[in-house]
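Okay, so here's the structure we're looking at.
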Amino acid sequence: MSGHFVYVLGCAGEKRHLTYVGWTTDVAARLKTHNAGKGARSTRGRSWVLLHTEECASRRHAMSREWHLKRDRKFRKQLALKLSI
């Protein structure tokens, strides 16, 4: 495979669960970056856990899959519910 991944992160807040979707070539390093407060602006100041990853055939496919997952609220909500367990 090409080593491109799509990932979904989750964060449990007091009133709601947040999710973040992104793509990378190194999921562990990217999660570490987000938790260090150096990732995307919307992820700063929160403690994130990895909820889902998918390996993609190419960078283009990973970016396309990221676009689709960002719009799939039902799927992301199902993943966020795992944070409550």
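Here are some notes:
- Rough spin-label spacing in nm, given labels placed 7 Å along Cα→Cβ, for S42 and R59: 2.2
- Cα shape, the stretch 1-44, gyration tensor, a/c 1.5 rule: prolate
- Sequence of E66, E55 when ordered by accessible area, the most exposed leading, probe 1.4 angstrom: E55, E66
- Surrounding net charge for V21, when Lys and Arg each add one and Asp and Glu each subtract one, Cβ distance under 13 Å: +4
- Relative contact order for the chain: 40 percent, from Cα pairs under 8 Å spaced at least 6 residues apart, divided by residue count.
- Set of aspartates and glutamates near K74 by C-alpha distance (under 12 Å), chain-local residues within fewer than 8 positions excluded: none
- Cβ charges +1 (Lys, Arg) and -1 (Asp, Glu), total dipole of the chain, debye: 400
The values are calculated or read from the model by the stated rules, or taken from the named source; none is laboratory data. None of the values given here were measured: they were computed from a predicted structure. Here the Cβ is made from the backbone with ideal geometry for all residues, glycine too, and neighbour counts use every protein chain on show. Just the protein is used for accessible areas: all its heavy atoms, side chains included, with ligands, DNA and RNA removed. Shrake-Rupley method; radii C 1.70, N 1.55, O 1.52, S 1.80 Å.
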